[in-house]
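The structure under discussion appears below in the form of structure tokens.
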Amino acid sequence: MSSTTTLPTVVPAVAAVIPAVASAVAGDGTIRVASGDLIAGPAELATVLLRFADDLATDARIGLRLETEAGPHVDAAATIVVGFADHDLDDVAPAAGLRADGADPADADERYGIETADGRVRVWARTTEGAHRALTTLRQQLVALSADGAADLPAGRVVDGPLFAWRGLSLDVGRTFHDIETIERVIDMCSLYKLNVLHLHLTEDAGWRFEVPGWPLLAEVGGAGALGGRPGGHYSPADLAALGRYAADRFVTLVPEVDLPGHTQAAFRSYPELAPASAPEAEAAASLGVAIGTLDLDRGPTRRFVQDALAAAAEQFPASAYLHIGGDEAFGMPDADHAAFVDFAVATVRELGRRAIGWQEVARADVGPDEVVQYWVEPREMAAMMESEAFSSMIPAEVLPLLTETMRKSFDDIPAATAKGARVLVSVGRHLYLDRPHPEPTGDDAQEALRSRVGLPMVPPASLRDGVEWDPLEVTPGIDSLEALAGVEAAVWGETVTGRDDLEFLLLPRLAGVGERAWSAAPTEWDEYAGRLAHGPRVWDRRGWTWYRPGSIDWAD
């Protein structure tokens, strides 16, 4: 991350914007934007302008009129004018990394400019996606300043663009099934903070969440339940098509994960011919809720199962250039068998015309420049956890050596991945796993009841400050250049999540910090960031989102 990019600490025009913009200059005076005002732009931006107008009406109670007939007379009458242009955009570096939709970041340019002067707001970008990002910034500004259907926007000029092309969230729908409406709410949160990837963890020991032609019991049996006896379910192809359209309308790419060869107990329940014979360590682990048992390429119809499952994921997620193959926590699987399995899965993905992504353990196989390795095990924290009395007291003696051996191997994964030319997606747990307990009391009984229950108790709590004061390069071993990174992706796991409120309580306000770190090249100073974050409730409350409210921030309701 560049340490030379600076942002003025007080620029009224961006005082409520997250993620921080690349460049902001204050002007003189203010411009009123009010209900009934006109927003104008070319017909190619009609969908983007309509989305902005709808969101602004919801979040700020400002209802704009929309005009997509180009012409000087329209621009002259409009308070907000949006168009295609490129002036000054090259003052911001192009995005580093990869895009989940496979587009070249240079072609899918998200850089934009906003100028508030001479009685109107002018917005420009090279692409429709850039215009959407610009209007997201403008929406945050107007929401923070709105009252009685109007907002007085400070004059100024913003030129902005993302640090990384891949800015994501991984959502565990395997352990806890979330309905389509809940996922749409998460997509709206991602869009608000300029995240452009929602990675759906579709298969788990607890549940299988999508249909695979020729394997109907995966959804019927494997999808019937969830962790802890929670209600199960699965997504039909029609559900996923509708969800894909909803995401695309907000410039979010859905990436599917079929987690293999471990985390496959739901598949084994559905088709026992795929399952291994029981073993003493597996039985001991099962008593703890840890599943040991993996797919074997030489067992029954496993090869056909893997090919069919990945083909179904490719068909039902057409916008994603990537298929996530999992590859993590294959407890008890010999190294050579694990590497052979990953190689087979990667080859299958390539045959489908897609690219493979996997958790960092896939680096032990024959990955290369076309693959992405997702870094999640931070060596120091993992070593501390494994050496703690709390961890050893929770794990049966028969299982402890197996788990510790498996996790210690992970310490060499990222250097191995980069040596093979694979890109690294940063998802380090210490800063980007959002299912950690919230550390700070809120003073509210209902919030405290949630805080005491939600978040994995075996990992240290993570503050909101922990989520923004870190650097992707510094936390990734052996990486000294942005060119080696694909981007940044957070993850929220479902062990303690019983439903929508629990999920949103973990996501907000943390998701804003994920957007900050994935988009902004400048280091974040906590006090300044907290001042911007304080404006968040105006959107969160109007959307009915559940959020964690620590008392140390002076929230602007």
- Test THR137 against the criterion of being assigned to a helix (DSSP H, G or I), β-branched (Val, Ile, Thr), over 30 Å from GLY228 (Cβ atoms) and modelled with pLDDT of 95 or more, and give yes or no. yes
- Query: Out of the range 158-216, which residues are among the hydroxyl-bearing types (Ser, Thr, Tyr) and part of a helix (DSSP H, G or I)?
  - Reply: THR182, SER191
- Given GLU110, GLU115, which one is in a strand (DSSP E or B) and either in contact with a helix residue (DSSP H, G or I) (Cβ under 6 Å, 6 or more places away or on another chain) or not assigned by TED's automatic domain parsing to the domain that holds ALA313 (or both)? GLU115
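Can you pull out every residue in the range 26-37 that is surrounded by 14 or more Cβ atoms within 10 Å (Cβ to Cβ) and in a strand (DSSP E or B)?
Passing the criteria: ALA26, GLY27, THR30, ILE31, VAL33, ALA34.
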- Query: Taking the range 482-512 as the search range and keeping residues that are touching a Pro at 6+ places or on another chain (Cβ under 9 Å) and under 17 Å from GLY168 (Cβ atoms), which one is modelled with the lowest pLDDT?
  - Reply: LEU482
- Return the residue satisfying two criteria in turn: it lies in the range 422-475 and is of a type in the set (Val, Ile, Thr) and within 18 Å of the chain's Cα centre (by Cα), and of such residues it is nearest to GLU504 (Cα to Cα). VAL468
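For residues in the range 480-499 being in contact with a Gly (Cβ under 9 Å, 6 or more places away or on another chain) and acidic (Asp, Glu), which is surrounded by the most Cβ atoms within 10 Å (Cβ to Cβ)?
GLU489
Residues are listed down the side, and each one gets a yes or a no for (1) farther than 24 Å from ARG139 by Cβ; (2) of a type in the set (Phe, Trp, Tyr):
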residue: GLU474; (1), (2): yes, no
residue: ASP480; (1), (2): yes, no
residue: ALA490; (1), (2): no, no
residue: GLU504; (1), (2): no, no
residue: LEU507; (1), (2): no, no
residue: GLY515; (1), (2): no, no
residue: TYR529; (1), (2): no, yes
residue: ASP541; (1), (2): no, no
residue: SER552; (1), (2): yes, no
- Pairs, first at positive phi in the range 177-202, second aromatic (Phe, Trp, Tyr) and assigned to a helix (DSSP H, G or I), C-beta under 9 Å, six or more apart: LYS194/TRP519
- Query: Taking into account only those residues within the range 247-298 that are of a type in the set (S, T, N, Q) and under 19 Å from GLY332 (Cα atoms), which is modelled with the lowest pLDDT?
  - Reply: SER287
- Message: So in the range 302-352, with the set limited to residues that are out of contact with any Pro (no Cβ under 7 Å at 6 or more places or on another chain) and polar (S, T, N, Q), which one is surrounded by the fewest Cβ atoms within 10 Å (Cβ to Cβ)?
- Response: GLN307
- Task: Taking only the range 452-475 into account, find how many residues are modelled with pLDDT of 95 or more and of a type in the set (Val, Ile, Thr).
- Result: 2
- ARG430 vs (1) part of a loop (DSSP other than H, G, I, E, B); (2) free of Cβ contacts under 8 Å to residues at least 60 places away in the same chain; (3) over 20 Å from ALA363 (Cα atoms): all pass except (1)
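The values are calculated or read from the model by the stated rules, or taken from the named source; none is laboratory data. Treat the numbers as computed from the prediction; the structure is a model and nothing was measured. All Cβ positions, even for glycine, are placed from backbone atoms using ideal geometry, and neighbour counts span all protein chains on display.
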